[in-house]
1. When the accessible area of the stretch 181-314 is computed with all protein chains present and a 1.4 Å probe, what percentage of it is carbon and sulfur?
2. What are the ³J(HN,Hα) values, in whole Hz, obtained from phi via the Karplus relation 6.51 cos²θ - 1.76 cosθ + 1.60 with θ = phi - 60°, for each residue of the stretch 53-62 in sequence order, with x given for Gly and Pro?
3. For a test of the definition: using alpha carbon positions, the gyration tensor, and the 1.5 limit on a/c, classify the stretch 139-250 as rounded, prolate or oblate.
4. What relative contact order, as a whole-number percentage, does the stretch 155-314 give when Cα pairs under 8 Å and 6 or more residues apart are counted?
5. When the gyration tensor of the chain is built from Cα positions, what are the square roots of 5 times its three eigenvalues, in whole Å, from largest to smallest?
6. In vacuo Debye scattering of the stretch 1-98, one point per C-alpha: log10 I(q)/I(0) at q = 0.13, 0.17 Å⁻¹?
7. Can you tell which of ALA101, VAL181, SER83 lies farthest toward the positive end of the dipole of the chain, using +1 and -1 charges on the Cβ of basic and acidic side chains (Lys, Arg; Asp, Glu)?
8. Show me 154-162, 272-280 ranked by packing, highest mean number of other Cβ atoms within 10 Å first.
Amino acid sequence: MRSYTLIAPAKINLYLEIIGDRPDGYHELAMILQSIELADQIELEANDIQLIRLKCDSKQVPVDRSNLAYRAADLMVEEFPDSFATYGGVDITLHKRIPVAAGLAGGSTDAAAVLVGMDLLWKLGLTKSELEELSAKLGSDVPFCIGGGTAIATRRGEVLSPISGLQDIYIVLAKYRSLEVSTPWAYKSYRSLYGGSYIQDKESLTTRGSAVHSGEIVKAISHQDVKEIAEKMHNDLEKVVLPEYPQVLKLKESFAKYDILGTMMSGSGPSVFALCESKEKAEEVKINLRNEIPDDDLELFVTKLINHGIQVVN
Ligand code: C5P
């Protein structure tokens with residue numbers, strides 16, 4: 001049986017601005033997405049039995065159709081019925097390392113890995129942009145996860161412009177294992193509080209979306225100026241998540257007490273990260289935070305920014 005092993009990195013948001021509504025119920029966004037080294041490992045094996053089967057080593061992760069990795073395989077079956085008939089289904093094994101429901105695109109990156117892996121298993125030869133187009137059907141973050149690195153993401157989050165990559169910059173990442181924030185809730189709450197200030201006309205939305213390309217944080221990224229990047233980080237969803245989840249606010253306040261460059265919630269949370277000057281500093285901050293909050297439920301990781309998305313190991 002042919003098989004592939006893939007590495008599926010998580011992402012953080014260095015920038016997330018909600019600029020308007022969309023007729024499909026989603027939001028118009030201006031974001032900067034960044035891959036990090038913390039990753040899941042995914043094994044795919046052709047099974048010859050016309051079935052998709054999914055296993056995972058984490059009890060927190062469902063292994064039915066509600067799992068985005070399963071839905072990614074299902075999408076491939078739907079799109080390429082001849083290949084399904086020729087090669088059969090696929091056995092997917094997820095080795096979960098990325099915290100779930102964390103704002104780190106854990107499910108999205110697993111789905112991206114399934115698309116990349118099945119393209120190889122079925123010898124389809126899809127291009128990156130074909131894979132990205134297909135993946136947008138699964139979720140707004142999935143297209144970014146395919147190529148990863150550092151990218152400006154606009155519209156629903158699926159229109160991507162890769163920018164000069166940041167790498168070897170260390171972060172500490174914190175997430176309460178049992179704390180989950182619903183992404184639809186976060187966006188809905190934001191709309192009800194701040195929807196009045198959304199940009200309404202199409203032209204202004206396009207202009208605002210384009211403006212992020214010449215924004216201050218993009219300039220800082222192009223100069224690899226980590227201090228400036230840390231200063232210009234922003235996430236609109238903090239305005240609704242922090243007041244509702246005091247534990248998340250406390251994490252930000254605790255990080256800020258240490259020698260870090262900046263701290264921000266990722267996506268709709270509840271994970272919070274702190275940009276650090278060096279790996280040593282990040283390890284020190286992790287120890288300090290662990291001493292301050294000796295709660296087993298709090299997961300802490302030292303990881304770094306990387307310049308790639310899905311990678312095939314074999
Ligand atoms: O696309 P995805 O399924 O990852 O999005 C999860 C939820 O986040 C959506 O159901 C929606 O409530 C919200 N969302 C949004 N606008 C976006 C992306 C996501 O409102 N551009």
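The values are calculated or read from the model by the stated rules, or taken from the named source; none is laboratory data. For clarity, every value in this text was computed on a predicted model and none was experimentally measured. For neighbour counting, all protein chains shown are included, and Cβ atoms are generated from backbone atoms with ideal geometry for every residue, glycine included. All accessible areas refer to the heavy atoms of the entire protein, side chains included, with ligands and DNA or RNA removed. Shrake-Rupley method; radii C 1.70, N 1.55, O 1.52, S 1.80 Å.
1. 50
2. 10, 10, 10, 8, 8, 10, 6, 6, 10, x
3. oblate
4. On the way: 200 pairs, mean separation 65.4, N = 160.
Here the relative contact order equals 41 percent.
5. Rounded to whole Å, the semi-axes are 31, 23, 18.
6. Debye output, listed in q order: -0.63, -0.90.
7. VAL181
8. On the way: 154-162: 18.3, 272-280: 21.2.
Highest to lowest by the protection proxy: 272-280, 154-162.
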